[in-house]
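The values are calculated or read from the model by the stated rules, or taken from the named source; none is laboratory data. Predicted model only: the values in this text are computed from it and were never measured. For neighbour counting, all protein chains shown are included, and Cβ atoms are generated from backbone atoms with ideal geometry for every residue, glycine included. For accessibility, only protein heavy atoms count, side chains too; no ligands or nucleic acids. Shrake-Rupley method; radii C 1.70, N 1.55, O 1.52, S 1.80 Å.
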Amino acid sequence: MEPQLGLHELLHVFSFLEARDLLCAAQVDKVWNEVSRTKELWRQLCLRRWSSCKASQMTLGTQTWKQYYLCRSELEFRMESGRPEKDFICKAIAGHKGGIDELAYISTNECRFDGQEKSVVCTVSSDSTVRAWDVQEGTEIWSSPLQPAALVNLVTYPRLQLVVTVDKLGLIKVWKAENGREWASFSLPTYSSALQACDHPEGPFLLVASVEGILYALSMPQLQLLSRTSVFPSSPTSLLCSPDCQWVFASTQDSDLGPKVFHTRSLLCLVEDEPPVSTTLPIWLTSRACWAPDETARLMVMHRNNDSRQLAISTYELGAKQSQEGVDVVVQQIASFLLPDTMTPPHLMKGHGSQLILLVSGSELVLFTIQGLQLAAFKDHQKPVTSLWVDQSRVLTASFDLSLRVYVWNKENKFPVLKSCYHLLGGSHRWASGFTHVEGDSMSIVGVEARSIGTSILRSYCFNMQHGSDDCVN
């Protein structure tokens, strides 16, 4: 090339290229090869392609930005292409002597390809123990001592490496994820109906609802009582914390009592003789709800319409306004639609992005916009779907047909398109009755496989990746 470009000019030109073009440019000569490997070029490609891949949150280890980009691209390609027998390493992980009631990842959901990646899940069981498992190795890391009663629920704080459990008598405990040591405990007067882990900017806290309709806010990790609020007297209460932890949605299913939304700050810093800041939504007979993960305060609620004959989904935007009396909650309904009469009432509901709602009705997965446009419907399972897990790149379903289904998002259109990819199969129908839970992280998928004798095992599917290779290209 005459005249020859200097390194600075060449780097500027290369900054406009995509990954495939950079790889081609590297074949021209030694100078182009050297410039095409520049750290900043590949860092910017990563940030452009994966909005969640913030530089401040990255842990590269020994891998370069180029290796990270190529390996994560390969991971997404394999995730979509679906060769379970080649791209996944499946392990059956046994240990609990009872049924597993809940599981959650305690490891941070970050992609690493330097040989240091490790996925860890925690489980609680009717055998009265909480346990941590190494998903890649298929081994137990630790188990708690036998607890006074069966453990029924848990939540995790990956950033703090803490696990919180509650038993059927209402005893809450905090455990260190590293070694399973007990940190703190708090006793409810009755059984807990819901747990929510909230990593609030002003400090992490735990929300607990009781079957008597009482909402407790507890500090983390000390479990000190911050507030106690009566929400729905004598009614089991469900809780959902908004993505930014500024709002808490509380509801009691199929009740004439309208669901409530609380401003989180008022639950953490109660003023004496003043109730927490909240509002009641103008709907009733609420059955399901979810937050839009890409919005700070967009709430979708499933409920009966005015004549109670049809199910509707209404979407609200929440805000806080300062007034002379304090803080007022501002609620604006931005969309609402009726579900089809022919649709069996959905039992699972999740949000994606800012505009999409996923519903599970029996064995069917249905995708709607918040305005009611049906984008897709999938009938990939032969038996009812028991669990639904959604993130930025995938959707996972579990079913009593003893399979997990993997779906992948394609975001090139106005609305993301969900593609049905492949099944991950469980064990033998002779011994198992189906999957009851499913969750995933960037490198693995874990399902709870219920056995016919009343016990459960974990079944893990880990992506079989090469580590730190420049040749890891899709």
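Which one of these is in contact (Cβ under 8 Å) with a residue 12 or more places away in the chain, of a type in the set (Asp, Glu) and more than 21 Å from Val135 (Cα to Cα): Asp401, Asp441?
Asp401
Conditions tested, residue by residue: (1) under 20 Å from Leu318 (Cβ atoms); (2) surrounded by fewer than 18 Cβ atoms within 10 Å (Cβ to Cβ); (3) not assigned by the TED database to the domain that holds Cys241.
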| residue | (1), (2), (3) |
| --- | --- |
| Asp341 | no, yes, no |
| Gly351 | yes, no, no |
| Val360 | no, no, no |
| Leu365 | no, no, no |
| Phe368 | no, no, no |
| Leu373 | no, yes, no |
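With the condition being in contact with a strand residue (DSSP E or B) (Cβ under 8 Å, 6 or more places away or on another chain) and acidic (Asp, Glu), I'd like the strands (runs of 3 or more DSSP E) fully within region 222-338 carrying at least 1 qualifying residues.
In region 222-338, the matching strands (runs of 3 or more DSSP E) lie at 311-323, 326-338.
Hey, which of the strands (runs of 3 or more DSSP E) in region 108-217, taking only ones fully inside, have at least 1 residues that are of a type in the set (A, V, I, L, M, F, W, C) and over 21 Å from the mean Cα position of the chain (by Cα)?
Once the strands (runs of 3 or more DSSP E) in region 108-217 are filtered for at least 1 residues that are of a type in the set (A, V, I, L, M, F, W, C) and over 21 Å from the mean Cα position of the chain (by Cα), what remains is 139-143, 151-157, 171-176, 182-187.
If we keep just the residues of region 284-326 that are within 21 Å of Pro340 (Cβ to Cβ), of a type in the set (A, V, I, L, M) and in contact with a Lys or Arg (Cβ under 8 Å, 6 or more places away or on another chain), which is surrounded by the most Cβ atoms within 10 Å (Cβ to Cβ)?
Looking at the filtered set, the residue picked out is Val301.
Can you tell me which condition Val406 does not meet? The list is (1) of a type outside the set (D, E, K, R); (2) free of Cβ contacts under 8 Å to residues at least 60 places away in the same chain; (3) open to solvent by less than 10 Å² (accessible area, probe 1.4 Å), and all the others hold.
With respect to (1) of a type outside the set (D, E, K, R); (2) free of Cβ contacts under 8 Å to residues at least 60 places away in the same chain; (3) open to solvent by less than 10 Å² (accessible area, probe 1.4 Å), Val406 is out only on (2).
Output the residues belonging to region 6-24 that are more than 13 Å from Lys66 (Cα to Cα), among the aliphatic types (A, V, I, L, M) and surrounded by fewer than 18 Cβ atoms within 10 Å (Cβ to Cβ).
Leu7, Leu11, Val13, Leu17
Quick one: in region 444-455, which of the residues that are modelled with pLDDT of 80 or more and open to solvent by 10 Å² or more (accessible area, probe 1.4 Å) is nearest to Val130 (Cα to Cα)? Lay out the reasoning, then the answer.
Initial filter on region 444-455 (modelled with pLDDT of 80 or more): 444-451, 454-455.
With the extra rule that they be open to solvent by 10 Å² or more (accessible area, probe 1.4 Å), the set shrinks to 450-451, 454-455.
Working: Ala450: 17, Arg451: 19, Gly454: 17, Thr455: 15 Å.
Top of the filtered list is Thr455.
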